[in-house]
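Beneath this line is the structure, given in structure tokens, with notes to follow.
Each value in this text was obtained by applying a stated rule to the coordinates, not by laboratory testing. This structure is a prediction, so every number in the text was calculated from the model and none was measured. Note: ideal-geometry Cβ built from the backbone for every residue, glycine included; neighbour counts use all protein chains shown.
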Amino acid sequence: MAKQNKNKTNESTPNWQELYIQFVLEHNKRPQSAYEFCKFASVDENTFYETYGTIDALESNIWLYFFVETKNQILADEQYQAYSVREKLLAFDYTWLENLRSHRSFITLVLSSQSSPMWQKKAAFTKFKEEFMAYAQELLSEAQETEEVKNRNIINNAYPKILWGQTMYLLNFWIKDASSNFEQTDAAVEKSVNLFFDLTGHSFIDSFIDFTKFSFQNLKF
């Protein structure tokens, strides 16, 4: 997001995302209203409503931008297509968190300024969650084809939600991480992704179920 001066002409389109980040960093809080934000940006409030209906809608677009930027970046890597699905998810998580570093102060401020738990901030994460869930479903479909994830009809629909929960866990972990170069977050990424695929892949539970079915079907033996 290119920086833009607060003083804009009527002919230019305000860079709302950059202005919003600038407001939060300078005031150490989210704007209480569109009026407060537009006064800071030296823009008429009606101009803001031509693009966004609420401050939450603007913040939601910022989180969407962080996701799209990361997805485009990893898809542009020629090696990405050759990765296993486990490696693709690791690549996304590492790249996403790396990209968030340049906005860490902003992210910490907006998420700590609200009393509800992070995973309940539905307004801010609406667009991000929608696009992430679609991306997660693409990965999971591929993982089932490659048998990295076991096709379990009963709980297949829960897998994208689990990955979304993992993403929120990593974001929360990263915000609280005080380790050098966020090494603990890197470890959390690796361990959480490996845990997901270890649990959803072919496991001893599947072997037990297969054996039980076989035994019941062949009781005469």
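One decimal place: the segment Leu109-Glu131 gains 5.5 nm when fully extended, by the rule 0.36 nm per residue minus the C-alpha distance.
Sequence-ordered 3J(HN,Hα) estimates for region 133-138 from the Karplus curve with 6.51, -1.76 and 1.60 and θ = phi - 60° stand at 4, 5, 5, 4, 5, 4 Hz, glycine and proline given as x.
The loop-placed trypsin sites (Lys or Arg not before Pro) in region 14-91, going by DSSP, that have at most 16 neighbouring Cβ atoms within 10 Å of their Cβ come out as Lys29. Residue separation of Ser33 and Ala187 scaled by 0.36 nm, minus their Cα-Cα distance, works out to 51.5 nm of gained length.
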